[in-house]
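First up is the structure itself, then whatever we jot down about it.
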Amino acid sequence: MKPNIIKTCIFGALAVSVMAVIFMFSHQTGATSSQASNSVGKFILSLLGVTVPEGQSPSSVVLFWGLTVRSLAHIFLFATLGLFSFLAFYYAFAIKAGKNRLTLFSAAGSAFLFSLIYAVSDEVHQYFIAGRTSSPRDVFIDACGFTCAIIIACAVTFLSLPRAEGGNAGSRG
């Protein structure tokens, strides 16, 4: 059981670290946030060999599936939060219940709610920052990130679970 406690603490600390990074970015004023997005946008676009059209900011250039650099940053950060929170909940629940399907789906649901609440609170926080706005669209983009990460982590974890005995004759795992 000790390895599960250690893993819970590690993934919990990583989730809190990602939350701190998200809070730090959300706490920037509108001008500072735009400047940071443009700097990151220029870097990413230069790596991809994409030139920025005259008069357009680098952070507003559409890269994939109609998403801008800013939207991709939301997806990445919240996917990371979703993954770490899923793993923290999974190992925490496994301390008492063991590693099974119920633990897996309980962890997925808990990670989803936890990440969703943080995404909403992030937008509420931005409402009070000069030059920033609060947007349900951003919560949706955040939810796309953490939902995809949780689904992938859930699927990988599900495949690693031991097979239930008593199912098919002769199948043990």
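The values are calculated or read from the model by the stated rules, or taken from the named source; none is laboratory data. Keep in mind that this is a model prediction, so the values were computed, not measured. Positions of Cβ are generated from backbone atoms using ideal geometry, with glycine treated the same way; all protein chains shown enter the neighbour counts. Keep in mind that these areas ignore ligands, DNA and RNA; they rest on the heavy atoms of the full protein, side chains included. Shrake-Rupley method; radii C 1.70, N 1.55, O 1.52, S 1.80 Å.
Among the residues of region 15-26, are any in contact (Cβ under 8 Å) with a residue 12 or more places away in the chain, open to solvent by less than 60 Å² (accessible area, probe 1.4 Å) and under 17 Å from T157 (Cβ atoms)? Yes, there is a match, as at least one residue in region 15-26 is in contact (Cβ under 8 Å) with a residue 12 or more places away in the chain, open to solvent by less than 60 Å² (accessible area, probe 1.4 Å) and under 17 Å from T157 (Cβ atoms). Sub-8 Å Cβ pairs linking a first residue in region 29-57 that is without any contact (Cβ under 8 Å) to a residue 24 or more places away in the chain and within 18 Å of H74 (Cβ to Cβ) to a second residue that is outside any helix (DSSP H, G or I) and among the small types (G, A, S), at least 6 apart or interchain, are N38/S57, ordered by first then second residue.
Based on this model, can you work out whether S71 counts as assigned to a helix (DSSP H, G or I) and either at pLDDT below 90 or open to solvent by 50 Å² or more (accessible area, probe 1.4 Å) (or both)? Here the answer is yes, as S71 does meet what is asked. Residues in region 94-112 that are within 22 Å of the chain's Cα centre (by Cα) and among the β-branched types (V, I, T): T103 alone. Would you say S57 is of a type in the set (S, T, Y) and within 30 Å of F158 (Cα to Cα)? No, not satisfied. Just one of (1) touching a Ser or Thr at 6+ places or on another chain (Cβ under 8 Å); (2) open to solvent by 70 Å² or more (accessible area, probe 1.4 Å); (3) of a type in the set (V, I, T) fails for I129. It is (2).
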